[in-house]
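A short worksheet on the structure shown next.
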Amino acid sequence: MKALVCVKRVIDYNVKPRVKADGTGVDLANVKMSMNPFDEIAVEEAIRLKEKGVVTEIVAVSVGPAKAQETLRTALAMGADRAILVVSETEVEPLAVAKIIKAIADEEQPGLIITGKQAIDDDANQVGQMVAALLGRPQGTFANEVAVEGDSIVVKREIDGGLETVKLALPAIVTTDLRLNEPRYASLPNIMKAKSKPLASKTPEDYGVDIAPRLKTLKVTEPPVRSAGIKVPDVDALVAKLKEMGVA
Amino acid sequence: MSKTLVWVEHDNASVKDATLAVVTAAAQIGEVTALVAGSGCDAAAAAAAQIAGVSKVLKADDAAYAHALAENVAPLVAGLMADYDVFVAPATTTGKNIAPRVAALLDVMQVSDILSVEGPKTFTRPIYAGNAIATVESTDAKLVVTVRGTAFAKADATGGSAAVEAVGAAGDAGTSSFLGSEIAKSERPELTSAKIIVSGGRALKDAETFQSVIIPLADKLGAGVGASRAAVDAGYVPNDYQVGQTGKIVAPEVYIAVGISGAIQHLAGMKDSKTIIAINKDEDAPIFQVADIGLVGDLFTLVPELTGKL
Ligand SMILES: Cc1cc2nc3c(=O)[nH]c(=O)nc-3n(C[C@H](O)[C@H](O)[C@H](O)COP(=O)(O)OP(=O)(O)OC[C@H]3O[C@@H](n4cnc5c(N)ncnc54)[C@H](O)[C@@H]3O)c2cc1C
Ligand SMILES: Cc1cc2nc3c(=O)[nH]c(=O)nc-3n(C[C@H](O)[C@H](O)[C@H](O)COP(=O)(O)OP(=O)(O)OC[C@H]3O[C@@H](n4cnc5c(N)ncnc54)[C@H](O)[C@@H]3O)c2cc1C
């Protein structure tokens, strides 16, 4: 079974994002970019399934600027077999990303598609579910544990009250949550090897997908800032404060 | 006026709190019809009919909807949307699972996690872990929106008297089934509606220490219990305790962060709390930059002392 993993190039999670002075967005100039952390988990899961002999080939896909090549090379260095970059220098919304992934899935016929549960830049939490809808296939979102059993996949999901387990007929879409696995680091030899793995470059037009945005961003602003308050010297002072607030 | 269809989160018997904030948001967009999809969900539909501001309840009662499997409920919602302009769901794990699937079926770009309604098709929403707030306007004919519960007041659970109308089921897609769940039953307030929350971080060492230090303080205060990702990953507490960008978003009256450094991903989940109290031994910990009241020192002496003095 072939696995398709979706990886997005995003601001590194250690960087504190700054809103541009003109209110048009977040300043990404000269900011460290990395693979979306949930997508590292997606790649890792595909590799583990390959190591178990369940998955035979891993294709990593990214929709993004030419620089997203670096992100795909990271996926290849971790253990993906080949990569497809769908180049767009303008932002592509989740719905259009999902349509592109769907078109790629129609060509590649993967048994499993793994995406992150959310990208840490736009925090939309949409793409995996949208791909599932467009393909008419089941979805296991916020996965904490997965096991392929014959022609199904059993997914334990992180939900608000705890955990839930569903069984999905393959082909299926899985979106990763934090506890699914701990992604490996690519070793130096694998980083070198990744440079010669195949990476196809495509465009949204190649897949006949219209990426014109449906949402207009009118402005982007800083959230209200919280200022630091006071420090109390000891527990008694804290208790006094809590009493003042009517909490204790 | 727009017609909105609200996803009611329920357990077939009663309506979950998350629904009430969604009704408030939907009422700012247009007329509110509530959809109760479930199995044996008469009681939930009756409860939804009493929510102030709901003008009609649609009840879809079918075994296929027992566990809100997205494969089964998304086609139902997409079908019903022929008569509505806006689908509104809570940004809970259920809402986040279903809404994008509905959006894709309708060929609509969803607006996730809205903080406010600025116009018929204009909303604010947090991006980059809440470090920026985007104002977005949809150009789609129909809209799909998820709502951040802490950003809207809760509609009154009673006072309404909407009619309940049964609607036909769309059937079972046959591609997914529910096997089981592990839901911890607790007497404690739910995190997303608790007035006070005590959260513990990596500093709590292990599950036993978390239990013996954090829980007595929470018990004294009648508080909900939360945790940082580090504490969840290390297995001190279950996953549903995680507060943050990728966990639960909370905004209690009082949030007490114990042994939590204050990473941006954690702050994203709690910085709208009314009063933030931090206990940390590192006086330069970032959590103190947002805390209203800080106490610097060793939590293993300070927290038991605090619990004792309350
Ligand atoms: C500077 C800036 C400006 C922006 N302006 C706008 C705007 O004007 N309007 C607007 O609607 N949006 C805007 N966006 C958001 C952008 O369109 C979204 O970030 C993107 O379309 C996908 O949303 P998401 O990553 O939050 O999706 P999610 O649904 O959160 O992503 C979930 C998963 O889907 C997969 N995935 C997502 N995107 C890709 C991808 N490109 N390639 C491969 N896999 C992917 C990954 O596995 C990911 O983990 C802007 C973003 C930035 C950084
Ligand atoms: C994709 C992604 C998503 C994430 N999502 C979330 C999320 O939703 N929620 C979240 O919380 N994190 C999230 N994180 C993780 C986040 O980046 C931090 O790693 C995490 O919040 C740190 O947890 P912590 O504060 O408990 O641990 P640490 O950062 O290790 O802090 C421990 C603190 O305890 C203090 N301390 C130690 N001993 C004592 C003592 N005896 N007495 C008093 N204080 C003491 C230390 O001074 C320190 O400040 C995410 C990360 C990524 C990459």
Legend entry - Structure-based [θ]222 nm, chain A - -39500 (n - 2.57) summed over DSSP H runs of at least 4, per residue, nearest 500: -8000 deg cm²/dmol
Legend entry - Magnitude of the charge dipole, the stretch B:147-206, Cβ model with Lys/Arg +1 and Asp/Glu -1, debye to 20: 440
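Averaged over its residues, how many other protein chain Cβ atoms are within 10 Å of peptide B:182-188's Cβ atoms?
For this peptide, the per-residue mean of nearby foreign Cβ atoms is 3.
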Legend entry - Long-range amide H partners of residue A:124 with built H, under 5 Å: A:119
Inset, instruction - Working from Cα positions, state the angle (0 to 90°, nearest 10) between the long axis of helix A:235-244 and the longest principal axis of chain A. - result: 90
Legend entry - Highest-MSF residue in chain B out of B:159, B:79, B:174 [GNM, Cα springs under 10 Å]: B:174
Legend entry - Magnitude of the charge dipole, the stretch B:191-309, Cβ model with Lys/Arg +1 and Asp/Glu -1, debye to 20: 240
Inset, instruction - Go through the stretch B:195-209 residue by residue and turn each phi into a ³J(HN,Hα) via Karplus (6.51, -1.76, 1.60, θ = phi - 60°); whole Hz please, and just put x for glycine and proline. - result: 7, 10, 10, 10, 10, x, x, 4, 4, 6, 6, 7, 4, 5, 5
Inset, instruction - Give me B:256, B:293 ranked fewest to most by other Cβ atoms within 10 Å of their Cβ, as a rough exposure proxy. - result: B:293, B:256
Legend entry - Longest site-free stretch - chain B; sites: trypsin sites (Lys or Arg not before Pro), DSSP loop, at most 12 other Cβ within 10 Å: B:1-184
Inset, instruction - Can you tell me the 0 to 90 degree angle between the C-alpha axis of helix A:37-51 and the longest principal axis of chain A, rounded to 10? - result: 40
Inset, instruction - Taking just the C-alpha trace of the protein assembly as shown, give me its Rg and Dmax in Å. - result: 23.2, 68
Legend entry - Whole-Å distance, taken between Cα centres, linking the stretch B:29-106 and the stretch A:12-80: 34
Legend entry - Listed residue (B:38, B:135, B:99) projecting farthest to the positive dipole end of the stretch B:2-166, Cβ model: B:135
Legend entry - Normalised contact order of the stretch B:1-133, rounded percent, pairs of Cα under 8 Å and 6 or more residues apart: 24
Legend entry - Separation between Cα centres of the stretch B:158-186 and the stretch A:188-243, rounded to whole Å: 33
Legend entry - Residue-averaged [θ]222 nm for chain B, counting only DSSP H segments that reach four residues, each worth -39500 (n - 2.57): -8000 deg cm²/dmol
Legend entry - Averaged over B:302-310, number of beta-carbon atoms from partner chains that fall within 10 Å: 4
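So which trypsin sites (Lys or Arg not before Pro) in the stretch A:166-206 end up in coil per DSSP with only 15 or fewer other C-beta atoms within 10 Å?
Details: sites: A:167, A:179, A:184, A:193, A:195, A:202; in loops: A:179, A:184, A:195.
In loop regions of the stretch A:166-206 (DSSP not H, G, I, E or B), the sparsely surrounded trypsin sites (Lys or Arg not before Pro) are A:184, A:195.
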Legend entry - the stretch B:5-23-the stretch B:219-247 distance, computed between alpha-carbon centres (Å): 24
Inset, instruction - Apply 1/(1 + (r/R0)^6) to the Cβ-Cβ distance of residue B:158 and residue A:244, taking R0 = 51 Å, and write down the FRET efficiency to the nearest 0.05. - result: 0.90
Inset, instruction - State the antiparallel share, in %, of DSSP beta bridges confined to the protein assembly as shown, rounding to the nearest 5. - result: 35
Inset, instruction - Take every Cα-Cα pair in the stretch B:145-192 and report what % of them are more than 17 Å apart. - result: 73
Legend entry - Relative contact order for the stretch A:2-244, counting Cα pairs under 8 Å that sit 6 or more residues apart, in percent: 23
Inset, instruction - Please give, to one decimal in nm, the separation of the simple spin-label points placed at residue A:70 and residue B:207, each 7 Å out from Cα toward the Cβ. - result: 4.1
Legend entry - Label-point separation in nm, residue A:15 to residue B:187, each point 7 Å along Cα→Cβ: 5.0
Legend entry - Computed Kirkwood radius, in angstrom, where 1/r is averaged over Cα pairs of the stretch B:191-309: 13.6
Legend entry - Least to most buried among A:207, B:128 (fewest other Cβ within 10 Å first): A:207, B:128
Legend entry - Candidates B:203, B:263, B:184: whichever shows maximal mean-square fluctuation once chain B is modelled as a Gaussian network with Cα springs under 10 Å: B:184
Inset, instruction - For chain B, set up a Gaussian network in which alpha carbons nearer than 10 Å are linked by springs, and say which option among B:207, B:44, B:27 fluctuates the most. - result: B:207
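Values in this text are rule-based calculations from the coordinates and carry no lab data. Bear in mind the structure is a predicted one, so any value in this text is a computation, not a measurement. As a convention, Cβ positions derive from the backbone with ideal geometry for all residues, glycine included, and neighbour counts pool all protein chains shown.
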